[in-house]
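To start, the structure under review is shown below, and the notes come after it.
The values are calculated or read from the model by the stated rules, or taken from the named source; none is laboratory data. Bear in mind that the values here come from a model prediction, so they are computed numbers and not experimental data. Here Cβ is always computed from backbone atoms with ideal geometry, including for glycine, and neighbour counts include all displayed protein chains. Remember, those area values only see protein heavy atoms, side chains included, never the ligands or the DNA or RNA. Shrake-Rupley method; radii C 1.70, N 1.55, O 1.52, S 1.80 Å.
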Amino acid sequence: MSSSLLNWNIHLQCRAKLSIKEFRSQSSMAYGISFRNCLQSDASRTFRLLCYKQCNSFQAPSSYCNGTKRTPAHSCLQENVTKYFDFIIVGSGVAGLRYALEVSKHGSVAIITKAEPHECNTNYAQGGVSAVLCPSDSVESHMHDTIVAGGYLCDEETVRVVCTEGPDRIKELVAMGASFDYGEDGQLHLAKEGGHSHHRIVHAADMTGREIERALLKAVDDDPNISMFEHHFAIDLLTSQDNEEIYCHGVDTLNTEIQQIARFIGKVTLLASGGAGHIYPLTTNPLVTTGDGIAMAHRAQAVISNMEFVQFHPTALADEGLPIKPMKKRDNAFLITEAVRGDGGILYNKSMKRFMPLYDERAELAPRDVVARSIDDQLKKRGEKYVFLDISHKPRQQILSHFPNIAAECLRYGLDITSMPIPVVPAAHYMCGGVLAGLHGQTNIKGLYVAGEVACTGLHGANRLASNSLLEALVFARRAVQPSVEHMARSSVNTKHLDIWPHPVLSVSLKDSIVEDIKMRTRQIREDLQSVMWEYVGIVRSTNRLKNAEWRIADLELQWEEFLFCRGWKPMMINAEACEMRNLFCCAKLVVSSALARHESRGLHFTEDFPYVEESKRKPTIIFPTSSAKLTWSSRQVHKQLHC
């Protein structure tokens with residue numbers, strides 16, 4: 001794994017450049033990515049990879065699915081079954097669903113989702129979607145807020161595209177039946193959140209993501225060209241290589257309900273699988289968010305960028321500060337939306353002294369990285385485990401109408417937010433880095449596109465502005481459609497070549513007691529990994545702690561793999577727990593490697609050894625593909641493992 005800093009091709013003063021190009025040919029539009037002037041010699045290899053070309057060696061089989069009939073998610077699949085679609089989508093959040101609804105007009109679509117379709121980060125998004133819809137607001141103002149929050153590391157062209165196209169994406173959701181809040185004037189009610197200079201947050205109370213997911217899922221369910229495959233865990237992308245060009249042909253999955261493997265072959269694959277919050281022990285992300293898409297893409301030789309920028313949401317509910325403690329530990333922390341601070345919420349320490357004005361003139365409305373570090377500093381200086389967020393000075397009915405979900409959740413544990421402050425603590429929330437993507441979601445792998453949190457488009461830079469995540473997902477899901485359809489039209493599948501990828505095998509040959517031992521050991525290793533990440537790769541970092549984390553993670557990975565293989569585990573074997581562990585290790589190492597490469601403090605990456613911003617280092621971190629012979633089992637695609 002090699003990491004280095006390269007510049008976005010934006011209108012900022014930079015020397016080296018990473019250019020994301022769009023160019024026309026006489027017959028069609030093509031999209032390419034080239035990487036130049038790498039600062040480290042071991043990563044100086046140049047890629048000029050087009051997302052498609054005129055001819056493809058794969059030919060269409062006669063049994064190609066036409067998508068006219070829905071395939072039930074719980075159909076009784078046979079082992080090693082292979083299914084064919086024009087478009088394969090991994091993930092059922094806003095990005096995957098919105099993309100599916102567009103490409104289904106051009107071919108058959110399979111949506112592969114790890115659990116229930118609604119179990120995704122979108123469903124947990126409370127605040128809203130930012131868009132310029134107020135006459136006093138402007139695209140330039142939204143851009144400025146985004147770039148400032150992003151530590152001036154954002155790709156300016158990407159920021160302009162997203163801020164310009166955002167309003168139309170909102171109108172499309174409204175046309176689909178998404179029910180947002182409206183003001184007394186009959187116009188969409190626009191909230192204001194930290195880092196924003198204007199009211200521009202479209203919302204549905206404090207359950208915006210849930211409402212968007214509902215509307216999109218209904219539209220998907222009504223589309224006969226879209227098949228939803230629930231409880232299918234994506235294992236690895238199916239890729240081939242021709243010289244330096246890599247092609248994606250689909251994905252292997254594990255049906256976790258009936259413990260059988262299903263292979264999906266398609267002309268175009270979109271990764272929309274979310275982030276990697278569960279590399280940390282405290283996260284607002286649902287249990288399914290284990291970095292699967294980022295890890296699969298990395299193993300498939302996709303270029304990864306900006307993984308050091310992990311956003312910790314400043315205000316997750318601190319259960320130990322509740323009057324009535326939950327009976328068991330939550331799978332994911334309950335989010336207290338940014339909108340509470342935007343609505344006038346004030347942060348206090350446990351002595352009920354307001355502290356944010358001591359750290360930033362914007363106080364509670366500072367960007368998330370600033371607020372999270374300020375809370376972290378208060379907790380460490382005072383030896384306390386949470387602070388308070390108080391909105392009780394606002395009218396009771398206003399609080400209940402704006403934050404009904406938060407009010408109900410807190411009341412379950414004896415806390416009335418209309419009269420009592422809310423105990424809060426930072427929690428891992430969002431990955432600003434991911435698979436490097438161009439302006440149309442294209443990657444350096446032909447036929448592979450990305451959208452949503454799994455992607456690094458350059459919009460967020462070093463820190464995501466509140467409510468820009470759903471916006472980015474909507475915009476890039478739409479922008480990926482045109483090149484995807486064009487690639488699909490020029491591609492075909494030849495079933496004669498499908499045996500180039502050996503099938504993964506289930507662990508059924510192992511004794512039940514051994515499998516249980518492996519599961520228990522995997523759970524312990526997972527907790528140990530999360531503890532290392534929280535302790536050494538958290539809100540405030542240092543070179544020594546990062547190197548310590550690097551060593552400890554490598555040791556944990558070695559321990560785990562030795563434990564598996566000493567008990568009869570084979571390189572081609574899989575189960576859900578092992579696959580998640582592989583992906584968590586992969587993403588944790590990407591974060592640490594990227595953090596070690598950045599010798600400055602910018603946005604979400606703050607290191608005590610380099611506490612200041614340095615203009616010369618205003619460049620994205622790039623992790624190039626590697627052919628190292630020292631790759632671990634977790635770092636290799638399952639179908640490329642050595643046979644034992």
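Structure notes:
- Lone unmet requirement of (1) under 27 Å from LEU101 (Cα atoms); (2) buried (at least 21 other Cβ atoms within 10 Å of the Cβ); (3) modelled with pLDDT of 95 or more; (4) in contact with a Pro (Cβ under 9 Å, 6 or more places away or on another chain) for GLU230: (2)
- Contacts under 6 angstrom Cβ, first residue in segment 485-513 being touching a residue at least 40 places away in the same chain (Cβ under 8 Å) and open to solvent by 30 Å² or more (accessible area, probe 1.4 Å), partner hydroxyl-bearing (Ser, Thr, Tyr) and not in a helix (DSSP H, G or I), 6 or more apart: GLU486/SER28; ARG490/TYR52
- Flag if GLU527 is under 20 Å from ILE235 (Cα atoms), among the acidic types (Asp, Glu) and assigned to a helix (DSSP H, G or I): no
- Taken over segment 586-634, the residue count meeting the criterion of being more than 23 Å from HIS298 (Cβ to Cβ) and either in a helix (DSSP H, G or I) or among the β-branched types (Val, Ile, Thr) (or both) is 5.
- Which listed residue, of LEU97, LEU101, is of a type in the set (A, V, I, L, M), surrounded by fewer than 24 Cβ atoms within 10 Å (Cβ to Cβ) and either assigned to a loop (DSSP other than H, G, I, E, B) or at pLDDT 95 or above (or both): LEU101
- On the stretch given as segment 413-463, residues that are of a type in the set (Lys, Arg) and in contact with a helix residue (DSSP H, G or I) (Cβ under 7 Å, 6 or more places away or on another chain) total 0.
- Some residue of segment 463-474 being open to solvent by 10 Å² or more (accessible area, probe 1.4 Å), of a type in the set (Ser, Thr, Tyr) and out of contact with any strand residue (DSSP E or B) (no Cβ under 7 Å at 6 or more places or on another chain): no
- Checklist (1) within 24 Å of the chain's Cα centre (by Cα); (2) of a type outside the set (Gly, Ala, Ser); (3) farther than 26 Å from THR443 by Cβ applied to GLU615, failing item: (1)
- Within the option set GLY291, GLY321, being surrounded by 24 or more Cβ atoms within 10 Å (Cβ to Cβ) and in contact with a strand residue (DSSP E or B) (Cβ under 9 Å, 6 or more places away or on another chain) holds for one residue only, GLY291.
- Selected residue (only one of ILE553, ILE539 is β-branched (Val, Ile, Thr), open to solvent by 10 Å² or more (accessible area, probe 1.4 Å) and more than 30 Å from THR82 (Cβ to Cβ)): ILE539
- Candidates ALA428, ALA466 - the one that is in a strand (DSSP E or B) and in contact (Cβ under 8 Å) with a residue 12 or more places away in the chain: ALA428
- Among the residues of segment 240-292, those that are closer than 29 Å to MET488 by Cβ, β-branched (Val, Ile, Thr) and not in a loop (DSSP other than H, G, I, E, B) comprise ILE246, VAL251, THR253, ILE261, ILE265, VAL268, THR269.
- Count of residues meeting criterion [small (Gly, Ala, Ser) and either touching a strand residue (DSSP E or B) at 6+ places or on another chain (Cβ under 6 Å) or under 14 Å from THR522 (Cα atoms) (or both)] in segment 543-576: 1
- Among residues that are touching a Leu at 6+ places or on another chain (Cβ under 6 Å) and of a type in the set (S, T, N, Q), ASN468 is not included.
- Segment 293-310: number of residues that are assigned to a loop (DSSP other than H, G, I, E, B) and in contact with a Lys or Arg (Cβ under 7 Å, 6 or more places away or on another chain): 1
- Of the helices (runs of 4 or more DSSP H) lying entirely inside segment 334-410, those containing at least 1 residues that are surrounded by fewer than 23 Cβ atoms within 10 Å (Cβ to Cβ) and among the aliphatic types (A, V, I, L, M) span 368-382, 396-402.
- From ARG598, ARG602, residue being in contact with a strand residue (DSSP E or B) (Cβ under 7 Å, 6 or more places away or on another chain) and crowded, with 23+ Cβ neighbours inside 10 Å: ARG598
- So ALA73, is it at pLDDT 70 or above and either not aromatic (Phe, Trp, Tyr) or not in a loop (DSSP other than H, G, I, E, B) (or both): no
- Test: residue in segment 183-206 that is modelled with pLDDT under 95, farther than 30 Å from HIS231 by Cα and of a type in the set (Lys, Arg): yes
- Failed item in (1) assigned to a helix (DSSP H, G or I); (2) surrounded by fewer than 19 Cβ atoms within 10 Å (Cβ to Cβ); (3) in contact (Cβ under 8 Å) with a residue 24 or more places away in the chain, with MET520 passing the rest: (3)
- Number of residues in segment 139-163 that are without any contact (Cβ under 8 Å) to a residue 40 or more places away in the chain and closer than 17 Å to LEU190 by Cβ equals 2.
- The condition of being among the hydroxyl-bearing types (Ser, Thr, Tyr), at pLDDT below 95 and touching a strand residue (DSSP E or B) at 6+ places or on another chain (Cβ under 7 Å) does not hold for THR632.
Residue-wise test of (1) within 27 Å of ASN575 (Cβ to Cβ); (2) in contact (Cβ under 8 Å) with a residue 40 or more places away in the chain; (3) open to solvent by 30 Å² or more (accessible area, probe 1.4 Å).
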{"position": "LYS218", "(1), (2), (3)": "no, yes, yes"}
{"position": "ALA234", "(1), (2), (3)": "yes, yes, no"}
{"position": "HIS249", "(1), (2), (3)": "yes, yes, no"}
{"position": "THR256", "(1), (2), (3)": "yes, yes, yes"}
{"position": "GLN259", "(1), (2), (3)": "yes, yes, yes"}
